[in-house]
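Okay, so here's the structure we're looking at.
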Amino acid sequence: MEQPTIIKEPSKRPEEEPEAKVWYAIRVTFNREMKVKDDLDLRGIESFIPMKYVMSIRRGRRVKKLVPTIHNLIFFHIEPSVMKEYKASTRLPIRYIMNPATKKPVVVPEREMKNFIAVAGTYEEQLVYITPKPGQFTRGDRVRILGGPFEGAEGVLQRVKGDSRVVVSIKGLVAVATTSIHPSLLEKLPKER
């Protein structure tokens, strides 16, 4: 009598979790950040460029134009594997901003990026962008803004250009200071460890 053939079910691998998106800080050469952003938009990849309005004269008329605040800088919100594919496939001049300590690309924490976009994404004319210096943001109270156009953003209270402002930073890369904010619109937060 023949033994029945036992067919084993293929072993099921636990479903792989989808790769999480991260925020990369990317250098773009030759002021082509808007070309890179257009390419990313066509591909459905989220990105952010800090922008501001500037007045210029065009054909004898004053024109208000939205331009990048920090040239050659763009943030990508993308999965690491997709980022590698994009970097390998594009002809646009992009490169990672590297962390000198780890020798790896700078990845901006989600919370820092959210706070940065909350302030820098308003196109407020009185924003002040600050190039960070070592230890510049270690002093001051951590605060949350409770009202106005920057409501919900968290940062460090600093004196900038003679006014008390909330500074929102992406450590070691860039920072932006809000306009002067009345103390009644601030909530003190515990210091981060």
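The values are calculated or read from the model by the stated rules, or taken from the named source; none is laboratory data. Only a predicted model underlies this, so the values are computations on that prediction, with no experimental measurement involved. So basically every Cβ, Gly included, is an ideal-geometry build from the backbone, and we count neighbours across all protein chains shown.
So the values come out like this:
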read-out	value
Selected residue [of a type outside the set (D, E, K, R), surrounded by fewer than 17 Cβ atoms within 10 Å (Cβ to Cβ) and in the same structural domain as ASP163 (by TED's automatic domain parsing)] from TYR96, TYR123	TYR123
Residue within the range 60-71 that is over 19 Å from TRP23 (Cα atoms), over 14 Å from the mean Cα position of the chain (by Cα) and in a loop (DSSP other than H, G, I, E, B) present	yes
SER81 over 27 Å from LEU42 (Cβ atoms), among the polar types (S, T, N, Q) and loosely packed, with under 11 Cβ neighbours inside 10 Å	no
Residue in the range 84-99 that is out of contact with any Asp or Glu (no Cβ under 8 Å at 6 or more places or on another chain), modelled with pLDDT of 90 or more, closer than 21 Å to VAL176 by Cβ and not in a loop (DSSP other than H, G, I, E, B) present	no
Filter result (within 23 Å of ASN115 (Cα to Cα) and among the polar types (S, T, N, Q)) within the range 43-88	SER47, THR69, ASN72
PRO183, sole failed condition from (1) in contact with a Ser or Thr (Cβ under 8 Å, 6 or more places away or on another chain); (2) more than 20 Å from TYR123 (Cα to Cα); (3) surrounded by 12 or more Cβ atoms within 10 Å (Cβ to Cβ)	(3)
GLU192 surrounded by fewer than 18 Cβ atoms within 10 Å (Cβ to Cβ), over 20 Å from PRO68 (Cβ atoms) and not aliphatic (A, V, I, L, M)	yes
Hits in the range 20-59 - residues which are surrounded by 10 or more Cβ atoms within 10 Å (Cβ to Cβ), in a loop (DSSP other than H, G, I, E, B) and free of Cβ contacts under 8 Å to residues at least 40 places away in the same chain	ILE49
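Listed here are the residues, each with its yes/no results for (1) touching a residue at least 40 places away in the same chain (Cβ under 8 Å); (2) in the same structural domain as ARG32 (by TED's automatic domain parsing); (3) closer than 22 Å to GLY44 by Cα.
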| site | (1), (2), (3) |
| --- | --- |
| PHE75 | yes, yes, yes |
| LEU92 | yes, yes, yes |
| MET113 | yes, no, yes |
| ILE170 | yes, no, no |
